[in-house]
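Here's the structure we're looking at; comments come further down.
The values are calculated or read from the model by the stated rules, or taken from the named source; none is laboratory data. What you see is a predicted model; the values in this text were computed from it and never measured. FYI the Cβ positions are ideal-geometry reconstructions off the backbone, even for glycines, and counts take in every protein chain you see.
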Amino acid sequence: MTITADCVLELRGLRRRFGSKIVHEGIDLQLRGQELLALFGGSGTGKSLILRSIIGLEEPDAGEILWHGRTISGLHERDWIDVRKKIAYVFQNGALFDSLTVYENLAYPLREHTKLKEPEIRARVAEMLTLVDMPGSENLLPGELSGGMQKRAGLARAMILGPEILLFDEPTAGLDPVNTTRFVQNILDLKRRGLTGIFVTHDIASALAVADRIAILHQGRIHCIETVESIRSSRDPVVRKFLFPEEST
Ligand SMILES: Nc1ncnc2c1ncn2[C@@H]1O[C@H](COP(=O)(O)OP(=O)(O)OP(=O)(O)O)[C@@H](O)[C@H]1O
Ligand SMILES: [Mg+2]
């Protein structure tokens, strides 16, 4: 496979099975710098498994994950800590600590991984909360936030160490249209700042609005990976089934 010069993350031939069930037959994917890739696929096809493998929460049976050409699959646990500062994972529900305020949730990675002093932490948290349209919500507890705010706070926490790549798992699932639009707006703002990322979604409208390219996971492989423009006009039945399901009803 040829590697494009600006490829920041590459998956090569990832295979994974659970017992007799083969989930990944061979996943090949290249993510370019400053691109947002939307990953589609049926339920249970192994989309979350791809994201979890990229940050070392799951280990593929075979294949390689390269970050700037360096193999990261198979690293020791302590080395994954460094990778996870640069490749951040936004959990579906925000995964905030319930007993900590929004401020403490966002400050946590800074306290763990940097030597920033309290005034700098305060400024960084305020900056991130503004970015996700939640200025002044430092003292709220996660239980006092709406689902949409929890997701945006999760996004802010994922961004706080200035990662190079963001991985989102169904960021708009369960959100009402207003919160979905807000989330999409946050992502577009981040994109203008040079965001690189992969987001797994079933939300076609949001994917078409923010993604540069769309990949479809089908039968254990990346069935296709195409720009939004070209995929809109695709005649491939698998593509049309995922992106334009109304056609087949
Ligand atoms: N730790 C595990 N043990 C056994 N099976 C697993 C494990 N993790 C994932 N699987 C299986 O792998 C398959 C892919 O799971 P994954 O969660 O990646 O699917 P998905 O594409 O994200 O689905 P959804 O759209 O429903 O979130 C599923 O069939 C799941 O049951
Ligand atoms: Mg999933």
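For segment 207-249, which positions are of a type in the set (Ser, Thr, Tyr) and in contact with a strand residue (DSSP E or B) (Cβ under 8 Å, 6 or more places away or on another chain)?
227, 234
Taking the conditions exactly as written (over 15 Å from residue 166 (Cα atoms), surrounded by fewer than 18 Cβ atoms within 10 Å (Cβ to Cβ) and within 15 Å of ligand 2 (Cβ to nearest atom)), does residue 44 satisfy them or not?
So residue 44 fits the description; yes.
Can you confirm whether residue 5 is of a type outside the set (Asp, Glu), away from ligand 2 (no atom under 16 Å from the Cβ), exposed (fewer than 15 other Cβ atoms within 10 Å of the Cβ) and at pLDDT 95 or above?
no
Can you tell which of 174, 143 is over 28 Å from residue 34 (Cβ atoms), within 16 Å of ligand 1 (Cβ to nearest atom) and of a type outside the set (Ser, Thr, Tyr)?
Answer to the selection: 174.
I'm trying to understand the selection: among the residues of segment 76-87, which are outside any helix (DSSP H, G or I) and farther than 24 Å from residue 220 by Cα?
Scanning segment 76-87 gives a single hit, 76.
Give me a count of the residues in segment 49-77 that are of a type in the set (Gly, Ala, Ser) and crowded, with 17+ Cβ neighbours inside 10 Å.
Matching residues across segment 49-77 total 4.
Answer yes or no as to whether residue 9 is part of a strand (DSSP E or B), touching a strand residue (DSSP E or B) at 6+ places or on another chain (Cβ under 6 Å) and not aromatic (Phe, Trp, Tyr).
Considered against the rule, which asks whether it is part of a strand (DSSP E or B), touching a strand residue (DSSP E or B) at 6+ places or on another chain (Cβ under 6 Å) and not aromatic (Phe, Trp, Tyr), residue 9 comes out as yes.
Name the residues in segment 190-213 that are in a loop (DSSP other than H, G, I, E, B), more than 16 Å from ligand 2 (Cβ to nearest atom) and in contact with a Leu (Cβ under 8 Å, 6 or more places away or on another chain), would you?
Within segment 190-213, 195, 211, 212 meet the criteria.
So is residue 22 farther than 17 Å from residue 242 by Cβ and away from ligand 2 (no atom under 16 Å from the Cβ) or not?
Yes.
Considering only residues that are within 16 Å of ligand 2 (Cβ to nearest atom) and either under 15 Å from the mean Cα position of the chain (by Cα) or among the basic types (Lys, Arg) (or both), which ones fall in segment 47-71?
47, 48, 49, 50, 51, 52, 53, 54, 55, 57
Before we move on, is residue 27 within 16 Å of ligand 2 (Cβ to nearest atom) and crowded, with 21+ Cβ neighbours inside 10 Å?
Taking the combined requirement at face value, the residue satisfies it.
Is segment 219-234 home to any residue that is more than 16 Å from ligand 2 (Cβ to nearest atom), more than 18 Å from residue 26 (Cα to Cα), assigned to a helix (DSSP H, G or I) and in contact (Cβ under 8 Å) with a residue 24 or more places away in the chain?
The answer is yes, given that some residue of segment 219-234 is more than 16 Å from ligand 2 (Cβ to nearest atom), more than 18 Å from residue 26 (Cα to Cα), assigned to a helix (DSSP H, G or I) and in contact (Cβ under 8 Å) with a residue 24 or more places away in the chain.
Take the conditions at pLDDT 95 or above, surrounded by fewer than 21 Cβ atoms within 10 Å (Cβ to Cβ), of a type outside the set (Ser, Thr, Tyr) and within 16 Å of ligand 2 (Cβ to nearest atom) and apply them to residue 91. Does it pass?
Answer is no for this residue.
Of the residues that sit in segment 66-94 and are among the aliphatic types (A, V, I, L, M) and in contact with a helix residue (DSSP H, G or I) (Cβ under 6 Å, 6 or more places away or on another chain), which one is farthest from residue 152 (Cα to Cα)?
72
Taking helices (runs of 4 or more DSSP H) that do not extend beyond segment 101-173, which have at least 2 residues that are within 16 Å of ligand 2 (Cβ to nearest atom)?
The helices (runs of 4 or more DSSP H) meeting that bar are 147-159.
Return the only residue of 125, 132 being without any contact (Cβ under 8 Å) to a residue 40 or more places away in the chain, out of contact with any His (no Cβ under 8 Å at 6 or more places or on another chain) and either at positive phi or buried (at least 20 other Cβ atoms within 10 Å of the Cβ) (or both).
125
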